[in-house]
Structure formats: C-alpha cells, structure tokens
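Please read the structure below before turning to the comments.
All of the numbers you see were taken from the coordinates with simple rules; none came from a lab. In this text the structure is predicted, and so the values were computed from the model without any measurement. In this analysis, Cβ positions are derived from the backbone assuming ideal geometry, glycine residues included, and neighbour counts consider all displayed protein chains.
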Amino acid sequence: MRHVLLAIAITAAPLIASAQEVKEVKFAAGNYGTMIEGQVTGQAYIDYRLGAGAGQKMFAELTPRDGGGTVYFNILPPGSDGLAIYNASIDGNSALIDLPEAGTYTIRVYLMGNDEDSGATVPFNLDLSIQ
C-alpha cells in the first residue's frame with residue numbers, strides 16, 4: 001500500500017508544480033496601464049487577463065528582477081487554446097501590437113530551458129498598457 005501511495009505522490013508532484021495562476025488585470029481610474037510585480041517557478045505559468053477593443057494597441061514589457069533568470073511571455077487572443085499572437089521567446093520581451101479583435105486577452109508569463117527544468121523561481125516586472 002505504501003508503494004502505491006508513493007507512486008501516486010510522485011505522479012501528482014509535476015501536476016502540482018505546473019499549476020497555473022490566473023489573475024485579472026484592472027487599471028486604476030484614469031490610467032491606461034499598470035506595473036505588475038510577480039514571480040514564476042519552474043514549469044508553472046501565470047496568466048494575466050485583461051479586456052481590450054479591436055484596433056487598440058497593447059504594450060507589454062517583461063523584465064526579470066533581482067538578477068533572476070530569464071522569463072518570457074506570450075500574448076493570447078480572445079478564445080485562444082494556447083496559440084499566441086506574440087511570442088517573447090522569439091520576438092523579444094517588449095511588444096507593441098495592434099489588437100485584432102475585442103475581448104479578453106491573456107499575457108502568459110513562463111520560464112524555459114534550465115530555469116524551467118530546475119524549478120527556479122524568477123521574480124519579474126510586467127509593464128502593461130492598452131491605448
């Protein structure tokens with residue numbers, strides 16, 4: 001019985017490690033942007049969700065804090081099943097894009113490579129605005 005419980009615990013550990021967080025982004029009254037401080041660990045990712053209109057521009061810039069590792073983000077359009085309209089690991093950690101449709105966009109923050117594989121925790125700042 002102990003071996004079965006141990007096997008279940010070992011199997012469940014990666015699921016716990018890669019659990020995601022979803023956070024709604026709201027701008028203060030009169031503002032069109034915000035600075036978000038956070039941290040992401042290993043295979044986990046954090047989804048920041050915010051509403052925007054078609055034709056608006058989204059600015060997003062992600063920087064690691066405190067000499068942390070390397071952190072990336074994707075921008076997912078409304079209704080996306082993971083397909084990104086911007087991928088920072090390819091295009092860089094600063095984006096200014098025209099939004100193609102109205103709805104809720106997701107900025108997914110994640111790690112890759114050794115930081116992801118080793119379970120590193122990387123603190124970051126995410127500068128985000130809609131104009």
Listed by range, strands (runs of 3 or more DSSP E) wholly within the stretch 21-131 having at least 1 residues that are surrounded by fewer than 18 Cβ atoms within 10 Å (Cβ to Cβ) are 21-24, 33-41, 45-52, 57-64, 94-98, 103-111, 121-130
Identify all residues within the stretch 73-113 that are under 13 Å from the mean Cα position of the chain (by Cα), polar (S, T, N, Q) and over 13 Å from residue 47 (Cβ atoms); write none if there are none.
87, 89, 93
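Conditions (1) touching a helix residue (DSSP H, G or I) at 6+ places or on another chain (Cβ under 6 Å); (2) under 17 Å from residue 120 (Cβ atoms); (3) without any contact (Cβ under 8 Å) to a residue 24 or more places away in the chain, marked per residue:
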| position | (1), (2), (3) |
| --- | --- |
| 53 | no, no, no |
| 60 | no, no, no |
| 69 | yes, yes, no |
| 75 | no, no, no |
| 82 | no, no, yes |
| 91 | no, no, yes |
Scope the stretch 49-68; condition of a type outside the set (D, E, K, R) and either under 15 Å from the mean Cα position of the chain (by Cα) or within 18 Å of residue 24 (Cβ to Cβ) (or both); matching residues
50, 51, 52, 53, 56, 58, 59, 60, 62, 63, 64
If I ask for residues that are more than 16 Å from the chain's Cα centre (by Cα) and under 19 Å from residue 84 (Cβ atoms), which ones from the stretch 114-131 would you list?
130
